[in-house]
Amino acid sequence: MLYSTSHSQSVARDLADDFSMRMKNSATINIVRQANDANGWPMIFLSHSASALPPGNEAEGQPVIVIRLMNINVGAVDIFGNSTLPFTPTQCEVAYELQSSGAPFPAFADLTTVLFQVSRTGVIVVNEPIANGTAVTEASMNAAQAAGPAQVLKDIDWGFKGNT
């Protein structure tokens, strides 16, 4: 399958920089780590470190927010049978673990800051809460995506404006 991660990588770099500035004074999230998933799509891990030095604590039961950017597979192919994935809009999955009460582990202020910053990039925002007792990882995000995300937020003007 043909695909390009260049737009996703670019947005992830910008978001990581933004989060480094926005989260540095947060009481619960102060570490920003970038990685790639098994398919090369960029991921950003936001977590807490008591010393404010990496690595952050990304275990279950901790205030962790994970962001993954990827193109949407619309199932379309070009005249040669290749996927048109490089030309589809970018989606940003925002995942976090839920407490047993159903509230998110990350502070509400941190979660809304992340959703606000991500929504400014023009990508489709996919909200993926992860069940209590499950660490937020690529595998748990894949399972949440397969089960159906809790919410998908698309730009109202999404259409032929190049919202990728």
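The values are calculated or read from the model by the stated rules, or taken from the named source; none is laboratory data. Computed from a predicted structure; not experimentally measured. Here the Cβ positions follow ideal geometry from the backbone for every residue, glycine too, while neighbour counts run over all protein chains shown.
Quick notes
- Restricting the first member to region 57-80 and to residues that are over 15 Å from Val126 (Cβ atoms), and the second to residues that are small (Gly, Ala, Ser) and assigned to a strand (DSSP E or B), the beta-carbon pairs closer than 8 Å and six or more apart or on different chains are Asn57/Ser47; Glu58/Ser47; Gln62/Ser47; Pro63/Ser47; Val64/Ser47; Ala76/Ser83; Val77/Ser83.
- Hey, Ile67 modelled with pLDDT of 90 or more, within 20 Å of Leu153 (Cα to Cα), aliphatic (A, V, I, L, M) and in contact with a helix residue (DSSP H, G or I) (Cβ under 7 Å, 6 or more places away or on another chain) or not: yes
- Among residues of region 21-48, those that are among the small types (Gly, Ala, Ser) and modelled with pLDDT of 90 or more, counted: 4
- Any hit, region 109-129, residues being assigned to a loop (DSSP other than H, G, I, E, B), more than 14 Å from the chain's Cα centre (by Cα) and not hydroxyl-bearing (Ser, Thr, Tyr): no
- Scanning region 130-164 for residues that are in a loop (DSSP other than H, G, I, E, B) and at pLDDT 80 or above gives Ala131, Asn132, Gly133, Thr134, Ala135, Val136, Thr137, Gly148, Pro149, Ala150, Lys154.
- With respect to the conditions (1) farther than 14 Å from Phe19 by Cβ; (2) touching a residue at least 60 places away in the same chain (Cβ under 8 Å), Ala143 lacks only one, and its number is (2).
- Restricted to region 83-94, and to residues there that are at pLDDT below 75 and in a loop (DSSP other than H, G, I, E, B), the residue that is farthest from Ala143 (Cα to Cα) is Thr84.
- Identification of strands (runs of 3 or more DSSP E) wholly contained in region 6-75 with 2 or more residues that are surrounded by fewer than 17 Cβ atoms within 10 Å (Cβ to Cβ) and not charged (D, E, K, R) yields 31-36.
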